[in-house]
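The values are calculated or read from the model by the stated rules, or taken from the named source; none is laboratory data. Fair warning: this is a prediction, and the values are worked out from it, not measured in the lab. Glycine also receives a Cβ, built like all others from the backbone with ideal geometry; neighbour counts cover every protein chain displayed. With ligands, DNA and RNA removed, areas are computed over all heavy atoms of the protein, side chains included. Shrake-Rupley method; radii C 1.70, N 1.55, O 1.52, S 1.80 Å.
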Amino acid sequence: MNNAVLALDGIVKTFKQGGDDLEVLRGGSVCIKRGETVALVGPSGAGKSTLLHVAGLLERPDVGEITMSGVTCSKLTDDRRTELRRVMIGFIYQFHHLLPEFSALENVVVPQMIASVSKLVAEERAHALLETVGLADRITHRPARLSGGEQQRVAIARALANRPHLLIADEPTGNLDHKTAERVFELLVTLSNDSGVAMLVATHNPDLAARMDRTLTIRSGILEEV
């Protein structure tokens with residue numbers, strides 16, 4: 001598919017556990033299109049985080065193929081995989097993982113400068129992104145001076161800094177109260193719709209999952225559509 005951002009085909013991933021093989025992912029395929037929001041649900045230990053790590057090019061599958069915006073990834077070098085992560089994928093975690101010594105603006109500037117964007121251009125984009133997520137008046141604040149919801153909104157802006165094709169989020173509202181979680185979730189969906197970025201979100205919240213375009217689950221290690 002020409003508008004496919006992420007395609008996973010027959011992914012198998014096995015770990016060693018006490019001398020035994022633990023097959024966490026046993027197959028299944030999925031294709032996520034530009035601007036599509038996809039929820040990943042299932043009980044703890046089902047393999048959701050492993051799937052996100054494979055989809056995000058953080059781990060290699062034992063079997064199967066990952067295609068990212070037309071680029072097949074199974075045989076890429078580690079350096080090339082790192083490059084693709086930097087420019088094609090934005091990560092959002094349950095805990096924001098902001099750099100505590102840097103301001104909100106600087107936290108959004110840093111990943112751009114790592115991608116060789118000039119400081120001036122990076123600061124301009126960081127300003128625009130923080131305004132988009134409603135933090136225009138908080139750009140000079142360090143994380144300790146921001147609320148949990150504000151910290152997560154900075155993390156969202158950071159994830160979007162290098163104009164990724166795909167956002168991968170692992171329980172992005174898990175540490176937030178219900179009202180704040182709703183606001184952060186709505187922000188994520190709006191940004192996906194407006195920018196065309198695809199989104200794969202692991203969540204235990206069935207209400208949030210139901211409001212996304214599609215829902216996937218992992219049953220007995222096999223990725224399936226709900």
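Of the residues making up the stretch 211-224, those that are assigned to a strand (DSSP E or B) and open to solvent by less than 100 Å² (accessible area, probe 1.4 Å) are Arg214, Thr215, Leu216, Thr217, Ile218, Ile222, Leu223, Glu224.
To keep it simple, each residue is scored yes or no on (1) in contact with a Lys or Arg (Cβ under 8 Å, 6 or more places away or on another chain); (2) in contact (Cβ under 8 Å) with a residue 12 or more places away in the chain; (3) among the hydroxyl-bearing types (Ser, Thr, Tyr).
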position	(1), (2), (3)
Pro43	no, no, no
Lys48	no, yes, no
Leu52	no, yes, no
Gly56	yes, yes, no
Pro61	yes, yes, no
Glu65	no, yes, no
Asp79	no, no, no
Arg86	no, yes, no
Phe95	no, yes, no
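On the stretch given as the stretch 6-31, residues that are within 19 Å of Leu166 (Cβ to Cβ) and either modelled with pLDDT under 85 or under 13 Å from the mean Cα position of the chain (by Cα) (or both) total 2.
Among the residues of the stretch 182-204, those identified as within 18 Å of Lys48 (Cβ to Cβ) and either without any contact (Cβ under 8 Å) to a residue 12 or more places away in the chain or outside any helix (DSSP H, G or I) (or both) are Ala198, Met199, Leu200, Val201, Ala202, Thr203, His204.
Here Lys179 meets each of (1) touching a helix residue (DSSP H, G or I) at 6+ places or on another chain (Cβ under 8 Å); (2) assigned to a helix (DSSP H, G or I); (3) open to solvent by 10 Å² or more (accessible area, probe 1.4 Å) with one exception, condition (1).
Checking the structure you have, find out if any residue of the stretch 159-168 is crowded, with 22+ Cβ neighbours inside 10 Å, in a helix (DSSP H, G or I) and in contact (Cβ under 8 Å) with a residue 40 or more places away in the chain. Scanning the stretch 159-168 turns up at least one residue that is crowded, with 22+ Cβ neighbours inside 10 Å, in a helix (DSSP H, G or I) and in contact (Cβ under 8 Å) with a residue 40 or more places away in the chain. Condition check: among the β-branched types (Val, Ile, Thr), in a loop (DSSP other than H, G, I, E, B), out of contact with any Leu (no Cβ under 8 Å at 6 or more places or on another chain) and open to solvent by 40 Å² or more (accessible area, probe 1.4 Å). Does Val121 satisfy that? It is false that Val121 is among the β-branched types (Val, Ile, Thr), in a loop (DSSP other than H, G, I, E, B), out of contact with any Leu (no Cβ under 8 Å at 6 or more places or on another chain) and open to solvent by 40 Å² or more (accessible area, probe 1.4 Å). Flag: Leu216 does not match the condition of being more than 14 Å from the chain's Cα centre (by Cα) and within 18 Å of Leu135 (Cα to Cα).
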